Amino acid sequence: MDRFVFLLATGIADGVVFALFALSLVLIWRSTRIINFAAAAMAVTACYLALAVTDLTGSYWAGLIIAVLVGGTLGWAVERGVMRAARDPLSGVILAIGTVMVLQALTGILAGPQSRPAPVPFGDRPVIVGGVPTLSPYDLFVIAVAVTLTAGLHTLFARTSLGLQMRAAAFAPEMSRLLGVPVARMRTLGWILAAAVGALAVLLAVPGELGLDPHAGDPLFVSAFAVAVIGGLDSAEGAVIGGLLVGVLVSLVTGYLGAAVAPLGVLALLALVLLVRPAGLFAGVEARRV
Amino acid sequence: MATHGAATERPVPRLRIQGLGVRFGGLDALVDVGLEVGDGEVVGLIGPNGAGKTTLFNAVCALVRPSTGTIETAGVPAPGRPDRLAAAGIARTLQGLGVLPGLSVLENVLVSVLDRPDRNGRARVALERVGLGARSGDPVGALPYPEQKRVALARALATGPSLLLLDEPAGGLGPADVLDLSTTIREVAAGGCAVLLVEHHVDFVMGVCDRVVVLDFGRVIATGRPEEVRRDPAVEEAYLGLAVDR
């Protein structure tokens, strides 16, 4: 039982990061119908600059702010400079893959292929409660950031004029334009938000992985992509709940059956969801509820 | 054929279209089209499928670029960008449902008045006006088809337009809903709004409109009061006879 509690707790900590990154994919899919295959490379690039600032200033928090700012700026630049050339979803995917190659090559040239450790602002050793190892202070920090960010995004979309315009532009761009919604600006804003969230997710995930290298975001992208498909690519709620589901599944399978089996567990869940609800667990729910 | 009315002594019309032409590749979708809609007037635009009715709406809304002619609203050129229509007092509904899926009934209306003071109040008044005040919190997709069309109308009315363009507002509606729609349109016009509507429902058009303009193959073939247009042999041949046949 103790082992189960520990695995559940670490699964939730991993899951919130999956959820954040999946949210970043969902934000862009909803507004442009493009899977942003460049999300991980953009986030890793932002994290390199964030760690450089942390090295320079000695402050983790300065680095965190830079990750968000650079992530957002990269989102703006990629949307304006690259993605506007996309004529359809397929060309969008090709442009995104091209962006991945450019960014990974650039970070590889400038920072080298070797992995570098990332600092943590709090201890990363699990706290022992009643003899059972549970979450570390860093895990709690990650969960707090993810919950705050998700609540903030929910408030933005559900309670503000800006969020309403972003949703309207995403659901029906032509009609929204007729209603005076600046659709292109809303789309750019969606990319900025998504890329900032993605950069933060990678920055939070890196200390738990082997460190930062040009490909450090790839495994997170794969997991988050599975999460987004499981939850429903249109659904922010699906991203959050799917993230927790996949995080806990990976943790339990790793703990009981071994790390090598974990990807198979995710694949099995993905296949099951695609068979039962091809559009994802929460597809259409948001469209009906709001 | 009915004649155009003299406009020399009338105030500047809310919408004035002169010599409008729209070409799609080698096809003339509109040729030398002229029409006017005054404040408080309801004008119907009818014609067979492909006559150019929606293209004319799209030209007014800056969704297609005219090859010739001018479009003026209250004596000034109509906005050149669709996102400036609302600021110019122009509201439009679309063919079909024209609602924003994924948003609630209230949000569907709110989105058109976000820059206005008391936007919530405006949106709720517009929803009350079309009889949907009690459904404002519902997801728009949960409403039956006729009520979704009312949401689209409420969204247009919430802006307090001076020119209202309605694209097939009666399409898919039953007799009771068509009657309600006619009443609402007459009320809106009585408040001074100019209304231009495209519709296939001939009885509805003849009942609600002050004047009717008939398009065929992109050209105006008749314009006048409903009873004049109904008796016009060219119109009967081009459109009304076909409508009766159908």
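Brief remarks follow.
- Output for region B:80-120, where each listed residue is more than 8 Å from every other protein chain (Cβ to nearest Cβ) and on the phi > 0 side of the Ramachandran plot: B:Gly89, B:Gly96, B:Asp118
- Hey, B:Glu36 acidic (Asp, Glu) and over 26 Å from A:Arg177 (Cα atoms) or not: no
Yes/no matrix, rows are residues, columns are (1) among the small types (Gly, Ala, Ser); (2) loosely packed, with under 13 Cβ neighbours inside 10 Å; (3) free of Cβ contacts under 8 Å to residues at least 12 places away in the same chain; (4) under 30 Å from A:Phe4 (Cα atoms):
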position	(1), (2), (3), (4)
A:Phe37	no, no, no, no
A:Ala77	yes, no, yes, no
A:Leu95	no, no, no, no
A:Met101	no, yes, yes, no
A:Pro119	no, no, no, yes
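- Qualifying positions in region A:59-84 - of a type in the set (Val, Ile, Thr) and either out of contact with any Leu (no Cβ under 9 Å at 6 or more places or on another chain) or assigned to a helix (DSSP H, G or I) (or both): A:Ile65, A:Ile66, A:Val68, A:Val70, A:Thr73, A:Val78
- Residue in region A:247-262 that is farthest from B:Leu100 (Cα to Cα), counting only those that are touching a residue at least 40 places away in the same chain (Cβ under 8 Å) and under 21 Å from the mean Cα position of the chain (by Cα): A:Ser251
- Scope region A:198-248; condition assigned to a loop (DSSP other than H, G, I, E, B), at pLDDT 90 or above and of a type in the set (Asp, Glu); matching residues: A:Asp213
- Residue match in region A:179-191 (condition: over 17 Å from A:Ala22 (Cα atoms), in contact with a Pro (Cβ under 6 Å, 6 or more places away or on another chain) and within 14 Å of chain B (Cβ to nearest Cβ)): yes
- Of all residues in region B:86-115, those that are farther than 16 Å from A:Ser161 by Cβ and in contact with a helix residue (DSSP H, G or I) (Cβ under 9 Å, 6 or more places away or on another chain) total 13.
- Residue match in region B:167-190 (condition: under 19 Å from B:Ile17 (Cβ atoms) and crowded, with 24+ Cβ neighbours inside 10 Å): no
Results for (1) under 22 Å from A:Asp55 (Cβ atoms); (2) aliphatic (A, V, I, L, M), shown as yes or no for each residue.
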| site | (1), (2) |
| --- | --- |
| A:Thr155 | no, no |
| A:Ala158 | no, yes |
| A:Gly163 | no, no |
| A:Phe171 | no, no |
| A:Met175 | no, yes |
| A:Gly180 | no, no |
| A:Arg185 | no, no |
| A:Ala205 | yes, yes |
| A:Ala216 | yes, yes |
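- When region B:108-141 is filtered for residues that are within 24 Å of the chain's Cα centre (by Cα), surrounded by fewer than 21 Cβ atoms within 10 Å (Cβ to Cβ) and in a helix (DSSP H, G or I), the ones remaining, listed by number, are B:Arg119, B:Arg122, B:Arg124, B:Val125, B:Glu128, B:Arg129, B:Gly133, B:Gly141.
- Screening the candidates A:Ala268, A:Ala279, A:Ala236 for the property of being out of contact with any Pro (no Cβ under 7 Å at 6 or more places or on another chain) and closer than 26 Å to A:Ala41 by Cβ yields one hit, A:Ala236.
- Among residues of region B:64-77, those that are buried (at least 17 other Cβ atoms within 10 Å of the Cβ) and without any contact (Cβ under 8 Å) to a residue 60 or more places away in the chain, counted: 4
- Flag if B:Leu173 is closer than 21 Å to B:Thr54 by Cβ, assigned to a loop (DSSP other than H, G, I, E, B), out of contact with any Gly (no Cβ under 8 Å at 6 or more places or on another chain) and aliphatic (A, V, I, L, M): yes
- Of all residues in region B:200-219, those satisfying the criterion of being within 24 Å of B:Gly69 (Cα to Cα) and surrounded by 24 or more Cβ atoms within 10 Å (Cβ to Cβ) are B:Val212, B:Val213, B:Val214, B:Leu215.
- Out of B:Ala154, B:Ala142, sole residue that is within 21 Å of A:Gln165 (Cβ to Cβ) and not assigned by TED's automatic domain parsing to the domain that holds B:Leu63: B:Ala154
- Scan region A:114-173 for residues that are among the polar types (S, T, N, Q) and within 14 Å of chain B (Cβ to nearest Cβ) and the total you get is 3.
The values are calculated or read from the model by the stated rules, or taken from the named source; none is laboratory data. No experiment lies behind these values; they were computed from the predicted model shown. No Cβ is skipped: glycine too gets one built from the backbone with ideal geometry, and neighbour counts run over all protein chains shown.
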